[in-house]
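Derivation of every value follows stated rules applied to the coordinates shown; laboratory data play no part. Worth saying up front: this structure is predicted, and the values here are computed from it rather than measured. When we count neighbours, we look across all protein chains shown, and the Cβ atoms used for this are built from the backbone with ideal geometry, even at glycine.
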Amino acid sequence: MFARGETIIQLMERLAPKYYAVEGDKIGLQVGSVAREVRRVLVALDVTPAVVEEAGELGAELIIAHHAVIYRPLAHLRTDTPAGALAANLLRKDIAVYISHTNLDTAEGGMNDWMAEALGLNGRDVLEEVHTDKLFKLVVFVPESHQDKVRAALFAAGAGWIGNYSHCSFNTEGTGTFLPREGSQPFIGQQGKLESAAEIRIETVVPQSVRKAVISAMLKAHPYEEVAYDLYSMDLKGRSFGLGRVGLLPTPETLDEFAERVKRAFDVPFVRVVGDGSRQIRKVAVLGGSGARYIRHASFAGADVLVTGDIDYHTAHDAEVAGLALVDPGHNAEKIMKPKTAEWLQEQLKGKGYATEVFASKVNTEPFKLR
């Protein structure tokens with residue numbers, strides 16, 4: 001059995017929900033349709049003509065990419081322009097394109113965590129907050145006989161976390177009353193007779209990111225035909241998600257040594273470095289893509305060095321004056337997402353019994369060459 005395209009997108013949005021994206025970012029389905037079974041998926045950093053050819057040869061019906069294939073507004077769709085020809089080729093080959101960009105950057109276990117892990121950083125924090133997981137209080141009334149089953153379902157779905165404590169709930173004994181009407185199939189009592197039942201009021205905290213999953217799990221575990229529950233918005237801050245990561249190297253090393261670490265981590269032939277090669281590096285900020293505007297964020301976080309791409313001349317001077325070292329491995333360092341995303345998605349599909357295969361693109365989309 002092959003997964004439908006909609007199912008694959010739903011899985012991707014568990015890893016990188018759309019609401020994690022920076023406002024205005026071009027994400028989601030950009031070309032084609034996912035309303036069909038998908039036998040093969042290709043994960044790519046960029047959607048270039050070579051990547052489209054690779055997908056066609058592979059027999060992939062869906063490309064999941066990091067960078068948008070339609071980024072700037074199109075005034076027309078002429079096939080004698082590069083953008084138009086690319087879109088026409090995708091449609092001709094019946095290949096859909098789905099984009100996961102800053103939402104994948106922001107996600108826990110996404111782009112910036114992969115980059116931080118590759119550098120061996122410990123004790124990671126977010127560089128710039130983009131999204132805070134809103135908190136809700138869930139209250140549900142359960143017969144005493146099913147309280148353990150319902151609580152277990154709530155916790156397994158992600159409810160009950162307060163800081164580093166899991167399985168948090170408050171439970172109160174009470175009596176519920178109800179009168180089953182015509183057409184009902186009551187778990188307790190009978191139609192037309194006022195009933196009372198010993199029940200437990202279970203209260204627990206639910207983050208917005210897992211709210212739907214928690215409610216669904218609760219309803220499946222609850223024995224009642226009609227479940228009595230309340231969901232309250234809380235004026236409390238949940239977990240923060242954002243761009244970039246800040247963490248510590250296991251042991252200090254010189255900037256020159258660290259630059260070599262970056263080259264190995266991201267499999268790049270060279271890096272551009274700003275700063276004294278002999279200075280000691282311990283606290284590192286890393287941000288995939290173009291991170292020139294995050295100089296102040298890295299400095300404020302106390303980082304010794306910022307690892308990011310597309311650093312311009314004047315930004316390099318600003319960082320130097322501020323005492324912040326820079327290591328620029330290029331924007332293409334984000335290619336780390338190809339095998340990581342493919343591996344994660346394949347595992348999810350396999351776990352659900354789907355035969356759909358996921359491949360990491362082998363096309364090198366780095367446009368720059370050294371001479």
message: Just to check I understand the Karplus step: with θ = phi - 60° and J = 6.51 cos²θ - 1.76 cosθ + 1.60, what whole-Hz values come out for the range 266-277, glycine and proline as x?
response: 10, 6, 10, x, 7, 9, 9, 10, 10, x, 6, x
Nearest-20 debye value, the range 132-240 charge dipole, Cβ charges on Lys, Arg, Asp, Glu: 460 debye
- line: Quick calc, the chain, dipole around Cα centre from Cβ unit charges on Lys, Arg (+) and Asp, Glu (-), nearest 20 debye, gives 460 debye
query: What list do you get for Phe136, Phe187 if you sort them by fewest beta carbons within 10 Å?
result: Phe187, Phe136
statement: Along principal axes, largest first, the alpha-carbon spread of the range 147-252 in whole Å comes out as 74, 25, 25
task: Output ³J(HN,Hα) for the range 64-81: one whole-Hz value per residue in order, computed from phi by the Karplus curve 6.51 cos²θ - 1.76 cosθ + 1.60 with θ = phi - 60°, and x for Gly and Pro.
output: 9, 10, 8, 9, 4, 7, 10, 9, 8, x, 9, 7, 7, 10, 8, 7, 9, 10
message: Just want the answer: with Cβ charges of +1 for Lys and Arg and -1 for Asp and Glu, which residue in Phe136, Val126, Pro49 is farthest toward the dipole's positive end in the chain?
response: Pro49
- prompt: In the chain, what percentage of the DSSP-assigned beta bridges are antiparallel, given to the nearest 5?
  reply: 70 percent
task: Order by neighbour count: Met337, Met111, Met1, fewest other Cβ atoms within 10 Å first, most last.
output: Met1, Met337, Met111
- line: quick shape note, the chain: Cα extents on principal axes in Å, largest first -> 87, 52, 36
- prompt: Under the rule of -39500 (n - 2.57) per DSSP H run of 4 or more residues, summed and divided by the residues of the chain, what mean residue ellipticity at 222 nm is obtained, to the nearest 500 deg cm²/dmol?
  reply: -8500 deg cm²/dmol
message: Positive end of the dipole of the chain, charges at C-beta (+1 Lys, Arg; -1 Asp, Glu), about the Cα centre: which of Leu370, Gly189, Ala316 has its Cα farthest in that direction?
response: Gly189
- prompt: Counting Lys and Arg as +1 and Asp and Glu as -1, what is the net charge of the other residues whose Cβ lies under 14 Å from the Cβ of Ala55?
  reply: -1
- line: Net charge (Lys, Arg +1; Asp, Glu -1) of residues whose beta-carbon lies under 11 Å from that of Gly242, Gly242 excluded, is -3
message: Among the listed pairs Lys134/Lys340; Lys18/Lys335; Lys263/Lys369; Lys212/Lys352; Lys137/Lys340, which have their C-alpha atoms separated by more than 23 angstrom in this model?
response: Lys134/Lys340; Lys137/Lys340
- prompt: Based on the alpha-carbon gyration tensor of the range 311-371 and its eigenvalue square roots a ≥ b ≥ c, which shape applies: rounded if a/c is under 1.5, prolate if not and a/b is larger than b/c, or oblate?
  reply: oblate
Cβ-based net charge around Gly309, under 13 Å, with every Lys or Arg adding one and every Asp or Glu removing one: -3
message: Using Cβ counts within 10 Å as a stand-in for footprinting exposure, how do Asp310, Asp46 rank, fewest first?
response: Asp310, Asp46
message: What FRET efficiency comes out for Lys350 versus Tyr19 if R0 is 35 angstrom and r is the Cβ-Cβ distance? Round to the nearest 0.05.
response: 0.80
